[in-house]
Amino acid sequence: MEGKSGLEGRLEPLLAGTPGLERDHRDARGRSLGPPEVLRESIPGADVTLTIDAEWQRHAYGLLATSSGSIVVVEADSGAIRVLAGSPGFDPDRPAAPLPDGRPASQLNRPARAAMPPGSVVKPFVAIAGYRAGVSPEAKTHCGGSVRLAGWLRPFHCNVRSGHGDVDLARSLQVSCNVYYFQLVQRTGASRMLDELRRFGFGTPTGCGLPGEAAGQPSGEPEPSEGESLNLSIGQGRMLATPLQIARAYAAIANGGTLPGLHVVESAVRADGTQERVPSGPRETAAIPAEARAAILEGLYRAVNASGGTARKAGFAPEWRVCGKTGTVENPQGTSDAWFAGFYPRENPRYVVVVQVEDVDGHGGEIAAPVARDMIAFMEGAAPATPPPALQEAAALP
Ligand SMILES: [Zn+2]
């Protein structure tokens, strides 16, 4: 079978090999005059090994069985993608047919192609822009629940209308205070924030080798107004990111500042034993200042493990030492898109886990964080396997 879509389409030249060429010798009445003459030997396709962990991937599909969204797991140092699950998928035999539960089929490879507002999961990167502009992690901002701008009828609200009081960097991540970031971008200016977001790969496809990857954005053209800058600082408005972009940027926080080269192919070996070059994204440095990283790790750790943390109620096991950030983006029709992005363990993080669930009634901490908790529980051998769903996206290959 020829690979038509997704990763199979991209790997087709590796998988297919080169057909041989033979010439038959027959007499005038069609009788064979002996074995065919081999003009060119056929070359079998390469033996391709993916980085995807089949058990983890199956579990991720189970967790997404009734929702629309993505789960991505990436190795923080190597950039190897271990889970790449998107839902809804499609039936490879009938790509346009509705799913058994009535939902329309989707051929979007969501983790790579669905660029959406990331909401508060971008806050650590905006915080780094603030640090580079001279804002100390210890400096406190007062959150009274909202910020007013001249010319705007409605105030820009925090997620807690009564306000968070005095907030430093670590606490701003623990409780996801918007006002801290509004005031940060008012101080640093939009262009510094946009530069920082681009430094962490936002606005550029990761280059992981999957076809049709979205670039997403922060859009700096035309220059954002003050109000648009405030929205950008909390990952809304002119900010779009794919789950894979979020995973790569969080990997840089996890490993100390290297944006790893994301890849889904572990190795490809030809039948004659030669190694094929496998596609991988670029490995780049984002140079995170150590003092800023320490405060961010503390904030992300508290968001998951400390009282008042936005992901605390999801109940991540303390021994996993998970650091993470929730995000909630309200849709015009009244529902929300929920995010969780994190990594563990806090000391020498191995895995980055990103969950995005669309069109739900609830916050990132209520919807996406519990999915991440269940994913990590399975990865850590602390949860039974979920029953496999009826359909898996893109059949055998992700
Ligand atoms: Zn606040």
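Quick one: would you say residue 194 is in contact (Cβ under 8 Å) with a residue 12 or more places away in the chain and under 27 Å from the mean Cα position of the chain (by Cα)? Yes; evaluated as a whole, the condition is true for this residue.
The set of residues in the stretch 307-322 that are within 15 Å of residue 164 (Cβ to Cβ) and in contact with a Lys or Arg (Cβ under 6 Å, 6 or more places away or on another chain) contains only 309. Checked against (1) within 12 Å of the ligand (Cβ to nearest atom); (2) touching a helix residue (DSSP H, G or I) at 6+ places or on another chain (Cβ under 7 Å), residue 131 meets all criteria but (1).
For the structure I just gave you, tell me whether residue 337 is of a type in the set (Asp, Glu) and modelled with pLDDT of 90 or more. Yes. Of all residues in the stretch 31-46, those that are part of a loop (DSSP other than H, G, I, E, B) have Cβ atoms under 7 Å from Cβ atoms of residues that are modelled with pLDDT of 75 or more and hydrophobic (A, V, I, L, M, F, W, C), 6 or more apart or on another chain, in 44/271; 46/268; 46/269. Residues of the stretch 107-160 that are touching a residue at least 40 places away in the same chain (Cβ under 8 Å) and of a type in the set (S, T, N, Q): 107, 109, 120, 141, 159.
Only one of the listed residues (169, 240, 244) is more than 16 Å from the ligand (Cβ to nearest atom) and touching a Gly at 6+ places or on another chain (Cβ under 8 Å). That residue is 240.
Evaluate the stretch 10-17: report whether one residue or more is at pLDDT below 90, part of a loop (DSSP other than H, G, I, E, B) and not hydrophobic (A, V, I, L, M, F, W, C). Yes; the residues of the stretch 10-17 include at least one that is at pLDDT below 90, part of a loop (DSSP other than H, G, I, E, B) and not hydrophobic (A, V, I, L, M, F, W, C).
The values are calculated or read from the model by the stated rules, or taken from the named source; none is laboratory data. Since we're looking at a predicted model, the values are computed, not measured. Backbone-built Cβ (ideal geometry, glycine too); neighbour counts: all protein chains shown.
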